[in-house]
1. For the range 105-168, what are Rg and Dmax over the alpha carbons, in angstrom?
2. Grab the eigenvalues of the alpha-carbon gyration tensor for the chain, scale each by 5, take roots, and send me the semi-axes largest first in whole angstrom.
3. Quick check for you: with a 1.4 Å probe and neighbouring chains kept, what is the accessible area per residue of the chain, in Å²?
4. Given points 7 Å out from each Cα along the Cα-Cβ axis, report the Ala114 to Thr180 separation in nanometres with one decimal.
5. So, with a 1.4 angstrom probe, what is the percent of accessible area on the range 1-151 that is carbon and sulfur?
6. What full-extension length gain, to one decimal in nm, is calculated for Gln91 and Arg211 as 0.36 nm per residue of separation minus the Cα-Cα distance?
7. At 1.4 Å probe size, with the rest of the protein present, what percent of the exposed accessible area of the range 159-249 is carbon and sulfur atoms?
8. For Ala149 paired with Gln19, estimate the spin-label separation in nm (one decimal), with each label point 7 Å from Cα along the Cα-to-Cβ line.
Amino acid sequence: MFGGQRTTVFQVRPTRGGQIVHQHLLSPEEDAVVDRAATPRILISDFYGAYQQVERAGWIWAGCWAHARRPIVRVAKAVPDLAEWGAAWQQQIGLLYQMHRIWRRASVGSPERADMEQRLRDQLGAMQKRWTQQIGDPAVPEVARQALALMARQWDRLTHFLAHPTIPLDNNAAERSLRTPVVGRKNFQGSRAPWAARLAAMVWTWADTARQAGRDPFAELTRYFEACAAAGGRPLNPDGLAPFLWWETRTRKEDTSYP
């Protein structure tokens, strides 16, 4: 699933390999309509290695703080002696989210914005110093140091948002969009046939893109079918489709949710 500023696209593929990323994000067709030099291309995701190719192609690959937080939470729950350690880290990450939300809401160029940006940098500096000390301290349990290793490896990607304020701290919006298909795949026992899976992906693409624009998917689909019926039961021509391409002018709202 790929969630953009105006659309959400679901694809059905037999693997999660790098070719899927390449075909969707790095296609020659996209290069023909996008000036990469004038328009920075940004991907925010988990740390799946296949996304390295977007960096090599000149994209900015921003890391997800929710995914960096997960190993810490998992270890803190599994090892009672590390509960306090885990709570302290979750508090630090939660504070980062609070500061980030205030920073993005402040007017660009305002003293409030500048002040909060400095506080954000100070917070990140303190967190970096903290994980550096703990990873290098043999007195810290190995499982705790391993939980921090992901954050350490991905630190540059996790801090891209400072230079590019439109970047959210996580990809939770995409994770939420995936939840319904994943739960449905389990409860409905899959699509049972390739054509049915592709049809399901089309429906999810339509529905989630409608929700991004603040529209009711069922109402929009009904409106489309009514227009087809009025056209004599035929699919709409390009002019007739224009009123239904509302995502072309829609911009996703900023997501400042907590992990």
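The values are calculated or read from the model by the stated rules, or taken from the named source; none is laboratory data. Model, not experiment: these values are computed from the prediction. Ideal geometry is used to build each Cβ from the backbone, glycine not excepted, and the neighbour counts take in all protein chains shown. Surface areas here come from the heavy atoms of the whole protein model, side chains and all, with no ligands, DNA or RNA. Shrake-Rupley method; radii C 1.70, N 1.55, O 1.52, S 1.80 Å.
1. 14.9, 45
2. Details: eigenvalues 300, 105, 65 Å².
In descending order, the three semi-axes are 39, 23, 18 Å.
3. On the way: 15340 Å² over 259 residues.
For the chain, the solvent-accessible area averages 59 Å² per residue.
4. Those two pseudo-labels are separated by 4.5 nm.
5. Details: 4220 of 8300 Å².
Exposed carbon and sulfur together represent 51 percent of the surface.
6. On the way: separation 120, 0.36 × 120 = 43.20 nm, distance 3.19 nm.
Additional length available on full extension: 40.0 nm.
7. Working: 3660 of 5920 Å².
Here it works out to 62 percent.
8. 3.1
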